[in-house]
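In what follows, a structure is listed as structure tokens, so that the remarks can point back to it.
The values are calculated or read from the model by the stated rules, or taken from the named source; none is laboratory data. Fair warning: this is a prediction, and the values are worked out from it, not measured in the lab. Positions of Cβ are backbone-derived with ideal geometry, glycine not excepted, and every protein chain shown enters the neighbour counts. Please note that ligands, DNA and RNA were not included when accessible areas were found on the heavy atoms of the full protein model with its side chains. Shrake-Rupley method; radii C 1.70, N 1.55, O 1.52, S 1.80 Å.
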Amino acid sequence: MAHDSLYAAPPSLADTEPEAGRLAGLRGALGSWDAAIVAALVVAVLLAGLSVPNFATGRNAQFLLLDLVPLALLALPMTLIVITGEIDLSVASMVGLCSTLMGQLWLSSGLSLELICVLVVLLGAALGAVNGLFVTGFGLPSLAVTIGTLALYRGLSFVVLGDQAVADFPASWTAAAVQTLPGTSIPAAVVPVLLLAVVFGIVLHATPVGRALYAMGNNDEAATFAGVSVPRTKFWLFVVSGAVCGLVGVFWTLRYASARGDNATGLELTVVTAVLLGGVSIFGGRGGLLGVVAGVLLLGVLRNALQLADVDANALTIVTGTLLIVSVVLPNAVADVRARLHRRRQRARLTAS
Amino acid sequence: MSPGAPGAESAPLLELDGVTKSFGAVAALRGVHLALHPGEAHALVGENGAGKSTLVKTLAGAHAPDSGRMTLDGRPLQLRGPADARAAGIAVIYQEPTLFPDLTVAENIFMGRQPLRGLRRIDTRAMNRDAERLFERLGVRIDPARPARGLSIADQQLVEIAKALSFDARVLIMDEPTAALSGVEVERLFAVARSLCERGAAVLFISHRFDEVFDLCQRITVLRDGAWVSSDRTADLTVDEVVRRMVGREVSSLYPKQDAPLRDTLLEVRGLSRAGVFSDVSFSVRGGEIVALAGLVGAGRSEVARAVFGVDRYDTGEVRVAGRVLPPGNPGKAIAAGMALVPEDRRQQGLVMELSVERNATLARRRALSRLGLLLGGAERAEARRWTRRLQVKTARLAAPVATLSGGNQQKVVLAKWLATEPRILIIDEPTRGIDVGTKAEVHRLLSELAGEGLAILMISSELPEVLGMADRVLVMHEGRVVRELPRGEADETSVMYAATGQGATA
């Protein structure tokens, strides 16, 4: 279909507004959040390396990265979910439940460990599907739904194993979980994490699905009008989140050679903090995966350095909580200024009703 | 004084003289006169956008007039906010009152001024008794102790009126109160309004239903395009005369629909119904044709468009695109079938304001532009550049958030977004709302050209000149039904307005 004749249309009387430049400047400031986090990461690594004994050792690097694997994996689907304006607070409980299910299956089913791992990932997906169903099928707020399943799944994981732990996994498997790449102190588990991060990054930033995620996070009505199936997309995000929790449950169980009901308790707080620290807006619609990777690394380095410096666990929680608040407040302060400018412009343009 | 008595000219209770109000460049009220006399019901009529709502908001204290004089009892009246209007004895009853659903009727009436007893506790008994008295004065029976939830809209309005009485309101403004009422309820509301008039109150009644206007009101004021046209005694007017005054203006040469050869039927809607919203809507649009869906705000036009496109569901009926049935409730399928909808609310439905011009322009094309499932920046940028150039969107950068553009340019981005899908059927809801004159002309020229290229266009517009200038056929909707179908030759302001207000035979 040709619209060439439109080239001849008279020039528009309308013009861009003078505020455009200023708004774009503030946008730029927000966009540089990524750069700020990367800078903070570099500073944190340098400071820790210089001042914390044993931080800059290969052995510590191995443990730091191993500790980061669950956090990094869970942050991937969480990023996508938060960008659509939802949240999944049940991730740590799903990891715990998947871990105990793995223990129980190993204890009593007689299935091979390979098959059990696959089953656990599928069970995780099913747990996520329950979240997704409540959020999209019944239209409930994900915050409320996943707080509910946070408690429910954690409770169920104690039903599955009680307060016992299953620890007699084959040594070859538990050793594989912490194995390093030959000739380095980098854990082999980092490789699949990186691959998954690349996949999630591509989905978010270079596919039609990714475009739809940003659109629905900003304005789900406009997204619907553009042909995006908002509920269906969100449902599958929760399923993916559950499946990743299954994967983390397997890794956690093997790494610590222990399936217990309290595995990964409280991890959801760290995951959400890492995602928000990475520049994703809690209100949805904004943020990127590179920033989240930097946020995960920064949080991991901070926690590791503080642990090495013998700071107690309570202080760690305080640090995490403070970072969470800061990463919500700071971008909002900027957005606030922007909104005020925007409103001033709107007032001048209100049309008659 | 007896209402409507010949020659009786009481001093006006509330008077407006030369009131103007502009929003930016748009003049919503241009020198409006209005004199409300005690004991009289006064009708305010006009097309969509004539300025009725702005006038109501001015009287309610929500808008301050730019210039002009308001007097109450001969004394200058200045309203700095809704509280001032209430203190001056002006009360507004809206079409759909907003009561607190979980509070009782009496609590709603006395919100913020509940009678108190010792220790500042609320005296519920006194409150219910006072509410009861108010309802007695109105001659209606509503239990003051029941929660507001579950009251019919008619009863909710009566609660609002009781609230107004409790403030000793002398000026009662009713903004389309009958739109959602049944015949019996309208009668009861009118009985209440008449009894208030007998007690010396002044009533301003806004309605599109002429039978009601002529039944209730002693005077009629007509507004057109924000300007005062006339105020006359009802006895001196006919329905025809009022309609003529509402629309009386020239069809501007701004609207140049060129003749295009008609092709096959592309969009066919049969018996589309949705309970309480629209019923039995049938029409078809051929390639090369622009069909306008005219009617008053609230007639169900946008709702039909949304249902056809699949954003909303419908109860019965079917939609066919080029002869093939379109599955309901799935905009993605509608887009794939070659349908595009430029929605009514640009900011909320048409665009994602926070995203860039480029992302908005290509959002509906995101799948088509991807290669092997990957969507790389270059393809979107090229597509966005192509369409923003063709539509001459003025923007500094394609990466700029679309919120930074002017209204006219935003509308062009919405058009670009949908034309980029290369649709066969274009549904366009209020194509030129809130955009400047120059861009308007461009949009009209564009629609005409698209029809020339064989698109089937369904246009919803509340601007009569636009409807009459652009449409090959006009379908007029009234209260959820298509009541008239007018070919270009027969459609004029009077015939469309007549049908839109529910006058005359149904088609």
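Would you mention how many residues in segment B:181-210 are assigned to a helix (DSSP H, G or I) and either free of Cβ contacts under 8 Å to residues at least 12 places away in the same chain or of a type in the set (D, E, K, R) (or both)? Counting residues in segment B:181-210 that are assigned to a helix (DSSP H, G or I) and either free of Cβ contacts under 8 Å to residues at least 12 places away in the same chain or of a type in the set (D, E, K, R) (or both) gives 7. All of A:L140, A:L89, A:L76 fail the test of being under 30 Å from A:E221 (Cβ atoms), of a type outside the set (S, T, N, Q) and part of a helix (DSSP H, G or I), apart from A:L76. Do you know which residues across segment A:280-299 are surrounded by fewer than 24 Cβ atoms within 10 Å (Cβ to Cβ) and not in a helix (DSSP H, G or I)? A:S281, A:I282, A:F283, A:G284, A:G285, A:R286, A:G288 - these are the residues of segment A:280-299 that are surrounded by fewer than 24 Cβ atoms within 10 Å (Cβ to Cβ) and not in a helix (DSSP H, G or I).
For the criterion of being over 27 Å from the mean Cα position of the chain (by Cα), open to solvent by less than 60 Å² (accessible area, probe 1.4 Å) and not aromatic (F, W, Y), B:G200 passes. A single entry from A:I147, A:I87, A:I116 fulfils the requirement of being surrounded by fewer than 24 Cβ atoms within 10 Å (Cβ to Cβ), modelled with pLDDT of 95 or more and over 23 Å from the mean Cα position of the chain (by Cα): A:I116. Across segment B:392-407, the qualifying residues are those that are within 7 Å of another protein chain (Cβ to nearest Cβ), not charged (D, E, K, R) and not in a helix (DSSP H, G or I), and the one among them that is most open to solvent (accessible area, probe 1.4 Å) is B:A396. Every test in (1) within 9 Å of chain A (Cβ to nearest Cβ); (2) open to solvent by less than 30 Å² (accessible area, probe 1.4 Å) is passed by B:K333 save one, and that test is (2). Does B:G112 satisfy the criteria of being open to solvent by 30 Å² or more (accessible area, probe 1.4 Å), of a type in the set (G, A, S) and not assigned by TED's automatic domain parsing to the domain that holds B:V243? Against the criterion (open to solvent by 30 Å² or more (accessible area, probe 1.4 Å), of a type in the set (G, A, S) and not assigned by TED's automatic domain parsing to the domain that holds B:V243), B:G112 qualifies. For B:A292, only one of the following conditions fails: (1) within 11 Å of another protein chain (Cβ to nearest Cβ); (2) in contact with a Ser or Thr (Cβ under 8 Å, 6 or more places away or on another chain); (3) at pLDDT 90 or above. What is its number? Only one criterion is unmet by B:A292, namely (1). Could you tell me whether any residue of segment B:370-389 is of a type in the set (K, R), over 31 Å from the mean Cα position of the chain (by Cα) and at the interface with chain A (Cβ under 7 Å from one of its Cβ atoms)? So far as segment B:370-389 goes, no, none of its residues is of a type in the set (K, R), over 31 Å from the mean Cα position of the chain (by Cα) and at the interface with chain A (Cβ under 7 Å from one of its Cβ atoms).
Of all residues in segment B:457-467, one or more are farther than 19 Å from B:A305 by Cα and in the same structural domain as B:A260 (by TED's automatic domain parsing). Each residue in segment B:44-62 was checked for being open to solvent by less than 40 Å² (accessible area, probe 1.4 Å), within 14 Å of another protein chain (Cβ to nearest Cβ) and part of a loop (DSSP other than H, G, I, E, B), and 6 of them qualify. What's the number of the only condition in (1) farther than 25 Å from A:L204 by Cα; (2) part of a helix (DSSP H, G or I); (3) without any contact (Cβ under 8 Å) to a residue 24 or more places away in the chain that B:Q411 fails to meet? That leaves (3) as the condition not met.
So for segment A:152-159 (the condition being more than 18 Å from the chain's Cα centre (by Cα), closer than 25 Å to A:L299 by Cα, touching a residue at least 40 places away in the same chain (Cβ under 8 Å) and open to solvent by 20 Å² or more (accessible area, probe 1.4 Å)), does at least one residue qualify? Yes, segment A:152-159 contains at least one residue that is more than 18 Å from the chain's Cα centre (by Cα), closer than 25 Å to A:L299 by Cα, touching a residue at least 40 places away in the same chain (Cβ under 8 Å) and open to solvent by 20 Å² or more (accessible area, probe 1.4 Å). Each residue in segment B:337-364 was checked for being open to solvent by 30 Å² or more (accessible area, probe 1.4 Å), more than 8 Å from chain A (Cβ to nearest Cβ) and out of contact with any Ser or Thr (no Cβ under 6 Å at 6 or more places or on another chain), and 3 of them qualify.
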